[in-house]
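Working notes for the structure below.
Please treat every number below as a calculation from the coordinates, not as lab data. Predicted model, so just to flag it, every value in this text is computed and none were measured. For neighbour counting, all protein chains shown are included, and Cβ atoms are generated from backbone atoms with ideal geometry for every residue, glycine included.
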Amino acid sequence: MFGNMGNMGNMMKKVQKLQGEMAKMQEELKGRTLEASVGGGAITVVVTGEKQIQSIKINPSAVDPEDVEMLEDMIVSSVNEALKKVDDMMTQEMGKLTGGLNLPKGML
């Protein structure tokens, strides 16, 4: 009976170590930037790993006063793509630590 308690203690130590490594990696990833571009480079968005927009570049050729709605749609699309890239990066990097365990969000 007490032999299993030792295994549980070892498992808890491993989980705590993994939590520490994940927290460290999350801090590192927050400092990274990712870029997404739509419309053949008409709109380019740069976001941080914290999902903060760092910059939006609009190619002057994308600005058509007669079609502002298309420009708005491209901006939304590029921001969404950049945010998706952040999520994908986080999932990929965390997967390296968890060995692909596919743990639910908030598990660690």
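If you take all other residues with their beta carbon under 15 Å from the beta carbon of LEU83, and give Lys and Arg +1 and Asp and Glu -1, the sum is 0. In this Cβ point-charge picture (+1 for Lys and Arg, -1 for Asp and Glu), segment 27-98 has a dipole of about 420 debye about its Cα centre.
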